Amino acid sequence: MIKKSVFYKVLSAVHIVFFTSILCFGMIFLSGSLLMVPSLCAAFQIGKAAMYEGLDITDSFVLAFFRNFKKFLGMERFVPVNLIMLLNLAGMYFAPDTLFL
């Protein structure tokens, strides 16, 4: 059993945040932001488990991410809201500056 010092806890938190953000970015970027909601829900569950339930860094939280991702794949019913948000952001980006005067 590893003695969990403050340094170990901080290093574990950095490790979890780093790899979870890489997984979220990969899922969102490779799907063209269509899988944004399930991947963010899975990342939230990983963070919740890390803070409240004491997720151990030696466990495979990458597999836990994909298990949670599969569980939250039903959140794809909110894809129209995601597409409306993306179209709104694209419209604000490509709008001429004269409209905001």
For the chain, dividing by residue count, accessible area per residue (probe 1.4 Å) in Å² works out to 76
The set of residues whose placed amide H lies less than 5 Å from the amide H of Leu55, leaving out same-chain residues fewer than 5 positions away, is Ala50
Calc'd 3J(HN,Hα), segment 78-93, phi into Karplus 6.51 cos²θ - 1.76 cosθ + 1.60 (θ = phi - 60°), Hz, glycine/Pro = x, comes to 9, 4, x, 5, 5, 5, 5, 5, 5, 5, 5, 5, 5, x, 5, 6
On the accessible surface of the chain, probed at 1.4 Å with all protein chains in place, carbon and sulfur together account for a percent value of 74
Compactness summary of the chain: radius of gyration and Dmax from Cα atoms, Å, are 17.9, 64
The relative contact order of segment 7-88, taking Cα pairs under 8 Å that sit 6 or more residues apart, comes to a percentage of 33
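The values are calculated or read from the model by the stated rules, or taken from the named source; none is laboratory data. Only a predicted model underlies this, so the values are computations on that prediction, with no experimental measurement involved. Accessible surface is based on the protein model in full, side chains and every heavy atom, while ligands, DNA and RNA are left aside. Shrake-Rupley method; radii C 1.70, N 1.55, O 1.52, S 1.80 Å.
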